[in-house]
1. Name the single residue, out of those in region A:484-510 being within 13 Å of RNA strand B (Cβ to nearest atom) and in contact with a strand residue (DSSP E or B) (Cβ under 6 Å, 6 or more places away or on another chain), that is farthest from A:Leu396 (Cα to Cα).
2. Sort through A:Arg468, A:Arg444, A:Arg412 and tell me the only one that's within 21 Å of A:Gly481 (Cα to Cα), of a type outside the set (Phe, Trp, Tyr) and either in the same structural domain as A:Arg486 (by TED's automatic domain parsing) or modelled with pLDDT of 90 or more (or both).
3. One residue is enough: does region A:349-360 have a residue meeting the conditions closer than 20 Å to A:Ala332 by Cβ and either outside any loop (DSSP other than H, G, I, E, B) or in contact with a Leu (Cβ under 9 Å, 6 or more places away or on another chain) (or both)?
4. Take the residues in region A:427-441 that are within 16 Å of RNA strand B (Cβ to nearest atom) and assigned to a helix (DSSP H, G or I); name whichever of them is surrounded by the fewest Cβ atoms within 10 Å (Cβ to Cβ).
5. State which residue pairs qualify: first residue free of Cβ contacts under 8 Å to residues at least 12 places away in the same chain and inside region A:351-366, second residue among the β-branched types (Val, Ile, Thr) and not in a helix (DSSP H, G or I) in any location, beta carbons under 6 Å apart, and separation of 6 or more residues or different chains.
6. Restricting attention to region A:244-264, and to residues there that are within 17 Å of A:Val297 (Cβ to Cβ) and β-branched (Val, Ile, Thr), which single residue is surrounded by the most Cβ atoms within 10 Å (Cβ to Cβ)?
7. So if I check each of A:Met82, A:Met24, which one is surrounded by 14 or more Cβ atoms within 10 Å (Cβ to Cβ) and outside any loop (DSSP other than H, G, I, E, B)?
8. Do any strands (runs of 3 or more DSSP E) entirely within region A:111-189 hold 3 or more residues that are within 10 Å of RNA strand B (Cβ to nearest atom) and surrounded by 13 or more Cβ atoms within 10 Å (Cβ to Cβ), and if so, which?
Amino acid sequence: MSEELNQVLRARREKLESLRSRGMEPFAYSFDRSHGNGAARELFEEAESENRLPEDGHGPEVRVAGRIVSWRGHGKSAFAHMEDGGERIQLYFKKNVLGEESFDLALEMLDLGDWIGVSGPTFRTRTGEVTVRVDAWTLLSKSLRPLPFGKVEVDAETGERVVHSGFADTEGRYRQRYADLAVNPEVRDVFRTRARIVTELRRFLDDHGFLEVETPALQPLYGGAAARPFVTRHNALDREMYLRIADELYLKRLIVGGFEAVYEIAKDFRNEGIDRFHNPEFTMLEFYRAYWDYHDVMAFIERMLAHVVDAVVGSRELTFQGTGLSFEAPFARVHFMDALGEAMGADPGSLSDDELRERARALRVPDVDRAGRGKLLDKLFGELVEPDLVQPTFVLDHPLELSPLAKPHRERPGVVERFELYVNGAELANAFSELNDPLDQRARFEDQSALRAGGDDEAHRVDDDYIRALEYGLPPTGGLGMGIDRLVMLLTDQASIRDVILFPVLRSEE
RNA sequence: GAGCCGGUAGCUCAGCUGGCAGAGCAGCUGACUUUUAAUCAGCAGGUCCUGGGUUCGAUCCCCAGCCGGCUCACCA
């Protein structure tokens, strides 16, 4: 990339050359830290509270490192803040401590964004901040491009952090997430929380006898959900392959193989629109457990979410975009057909397809003419019921046409043993008593094929190998899929899925 | 895919009715040895998203496009 260097970039290049000409390497190989910035501060505070500080008030010597995030020069001294990971510590450069040469070099050569390592004793300044008096410094990496630092004001009374003129441009923040992370600590916090959520999910599943497995992301035939795939090509095999849209069919093959409980946390890929709740690649947790039905899964996920919410939020009451949500079990339960019937003022099961179509048309649902019964019911539900499912709510027993991989309900005709968990009007999880009758499964696939032939390009494909696996025998099994990104959004109060995915998909910059 | 809003200095943003492009921060020069949005003085920094059009003259008006945000649609 050839880019006209502006004056700021040029100045930094000149400093780089100047450093080299003075025999100082601007890109170091390593630095031997004695403490992280937070630990260095605590070390001082400990010594202070135990009255172990000498007369001059200078505490233990430390070697710390980080990125320079602010600089205040005062002639023959200077204050800076340096940040490592998330902890910030103040540095005090003083001419008569460092010596003229080292002090002048720091003033001339150091910029915001540079990585440095320093050593010296800790002390408390007149204004009360624990600070490292820099006895020696070394450049670890020269920053050649200015980071968009704002000015950080800390309210003396509330301790509240106010950022002025910070890096706020949403497009820039997503395109250059490295810069976003570098200057916005709260963004780093979101992703730390994301990691903790995944860790706690994993811990809970591990503690309950689940085995973590890995199944193919690159598949000869996709399935397990209704979605359009990304198509790619394997050259040596000379064939098309697909990025997975779900893990489901492989995980159930593993139950056939004799594993009793498996889970996978992995990326799925769906070749569809992008918006606040959808990114083309997203992270899904799926688990399957032999001998369970969907009631067992329901009870388990209530406990699993309680565990994660307790660990990450510390309370089962949380606020998402101004709305209070309670993750206290048991969650509300509504039956799909009952809830829809109530909203429609009529039993949808006793209405004909044409009558349903008329109802949908009245609600200005698009494309109703070619929609089958399952799709119509789903559209009506989405229109009339979903928006009201704000608190965590299980929706039970969906129409059979909508659920080609779920077992028919043991008592209610026309519906399956399935639940979706809705929170804040959006689907968070989806689960079934898994269909384990291979003959029924084949018939369901064939129904889907008919839908596909009728123009529904999201209908499920026939997967003969999966049928073969079922023929060997799938024990009764309960399974679940949960969108991790959406869970992270809820628990970190982020309005867009792009705020919980480090590098979301964007259009090309060019 | 539709509607609305936006794109101006490295960052955050002004820019009136069409008349030489502005501020703060960051940068550079100088002053300042406990500051913390440090302060003070000065300087430099622009493909006004792109391409057309209207006009004596366009950051501004018109048309087309690109990128982003929000809402709706789509996404079981």
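1. Initially, region A:484-510 is screened for residues within 13 Å of RNA strand B (Cβ to nearest atom), giving A:485-486, A:489, A:494-501, A:503-510.
Narrowing further to those that are in contact with a strand residue (DSSP E or B) (Cβ under 6 Å, 6 or more places away or on another chain): A:485-486.
Details: A:Asp485: 23, A:Arg486: 20 Å.
It comes out as A:Asp485.
2. On the way: A:Arg468 fails: within 21 Å of A:Gly481 (Cα to Cα); A:Arg412 fails: within 21 Å of A:Gly481 (Cα to Cα).
So the residue among A:Arg468, A:Arg444, A:Arg412 that is within 21 Å of A:Gly481 (Cα to Cα), of a type outside the set (Phe, Trp, Tyr) and either in the same structural domain as A:Arg486 (by TED's automatic domain parsing) or modelled with pLDDT of 90 or more (or both) is A:Arg444.
3. no
4. If we take residues in region A:427-441 being within 16 Å of RNA strand B (Cβ to nearest atom) and assigned to a helix (DSSP H, G or I), then A:Asp440 is surrounded by the fewest Cβ atoms within 10 Å (Cβ to Cβ).
5. A:Arg361/A:Val368
6. A:Val262
7. Details: A:Met24 fails: outside any loop (DSSP other than H, G, I, E, B).
Sole residue among the options that is surrounded by 14 or more Cβ atoms within 10 Å (Cβ to Cβ) and outside any loop (DSSP other than H, G, I, E, B): A:Met82.
8. Details: elements: A:115-124, A:130-133, A:136-141, A:151-154, A:161-164.
Of the strands (runs of 3 or more DSSP E) lying wholly inside region A:111-189, those with at least 3 residues that are within 10 Å of RNA strand B (Cβ to nearest atom) and surrounded by 13 or more Cβ atoms within 10 Å (Cβ to Cβ) span A:130-133.
The values are calculated or read from the model by the stated rules, or taken from the named source; none is laboratory data. These numbers were taken from a predicted model, which means no experiment stands behind them. Heads up, the Cβs are rebuilt from the backbone with ideal geometry, glycines too, and the neighbour counts pull from every protein chain shown.
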